[in-house]
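The values are calculated or read from the model by the stated rules, or taken from the named source; none is laboratory data. For clarity, every value in this text was computed on a predicted model and none was experimentally measured. Methodologically, a virtual Cβ is constructed for each residue, glycine included, from the backbone with ideal geometry; neighbour enumeration extends over all protein chains shown. With ligands, DNA and RNA removed, areas are computed over all heavy atoms of the protein, side chains included. Shrake-Rupley method; radii C 1.70, N 1.55, O 1.52, S 1.80 Å.
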Amino acid sequence: MSSPTRPLALVTGASSGIGADLARELARDGHDLVLTARTLAPMENLAAELKTQGAGTVVIPADLSQHGAAAALASAMEARGLAVDVLVNNAGIGAVGPFDQADPLRIGEMLQVNVVALTELTRLLLPGMVNRRQGKVMLVASTAAFQPGPRMAVYFATKAYVLSFGEAIAYELRGTGVTVTVLCPGPTATNFAQIAGMSELTFFNTAGRQVMSAAAVARLGYRGLKAGRRVVITGLLNKITALGGRFAPHPVSLPVTKALMSRR
């Protein structure tokens, strides 16, 4: 599958949305791909599309909400002799509602995908990049990383973890030839909001001018990844909101977060 002259990228959550568009960006820029997500058919369709761009593609279904899934995925790639040059940790899940009423199983899955699997997969694949003295890692967080999120407390907290983790290891990896980029999109036109129960929130529905397409987010994110930028926040208003959330003494009072609460 993989060409000796083409770098290999692994994209998690590659069945749709930002993950699929990041795979397209990578293929256009000369990468072969390993695609992984829970749903097989959309990835097979994407693989066929990427083949027309000259990209070799391997599809490995994996449910990263299950314990041990990240290690199994890394082992499956090792068994195929696949050495990853670019790791895109895009898979993520969310949920809306008061924390005291949240489904414990859903909370566990959110922590497993957004935090545990992301961390494990990075730890498993990073040493090879460091040994080869080249590689790139993207961690997909969110502008949610910059402030607390009532009614989405766990989701916002997981994205704060991703941002902190990514910035820390980016600092550690200085001089190794390996870079880490944390991508922080704002509201994006994907099916994520509907699956997470966010689609009826004022935050999402009234942000029409702020909602970016997944393709636009992927384009900006990939540009930042290539440049080795540590943090990429997509969109001017998202940057203002995110930086306000980081430095304000009580970020929970920001209009964006208040809007999250307005309908429930």
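Given their separation in residues at 0.36 nm each and the Cα-Cα distance between them, Arg28 and Arg133 gain 35.4 nm when the chain is fully extended. A cut-off under 13 angstrom between Cβ atoms defines the neighbours of Asn114, and their net charge, with Lys, Arg +1 and Asp, Glu -1, is 0. What the range 1-157 shows is 42 Å² of accessible area per residue, with the surface traced by a 1.4 Å probe over protein heavy atoms.
On full extension, the segment bounded by Thr176 and Ala227 gains 16.8 nm, given 0.36 nm per residue less the C-alpha separation.
Taken about its Cα centre, the range 81-163 carries a charge dipole of roughly 340 debye when the Cβ of each Lys and Arg holds +1 and the Cβ of each Asp and Glu holds -1. Less than 5 angstrom separates the built amide H of Ile93 from those of Asn114, all sequence-distant by 5 or more or on a different chain. Per residue, the convex hull spanned by the Cα atoms of the range 15-93 measures out at 85 cubic angstrom. Think of the range 41-128 as a dipole: +1 on every Lys or Arg Cβ, -1 on every Asp or Glu Cβ, centred on the Cα centre; then among Gly54, Met43, Thr122, Gly54 lies furthest on the positive end.
Residues whose amide H lies under 5 Å from that of Val59, counting only those 5 or more places away or on a different chain, are Leu35; hydrogens are built 1.01 Å from N in the peptide plane. Computed extension length for Thr5-Ala76: 23.4 nm, one decimal, from 0.36 nm per residue of separation with the Cα-Cα distance subtracted. Dividing the radius of gyration of the alpha carbons in the range 56-102 by their Kirkwood radius gives 1.13 for Rg/Rh.
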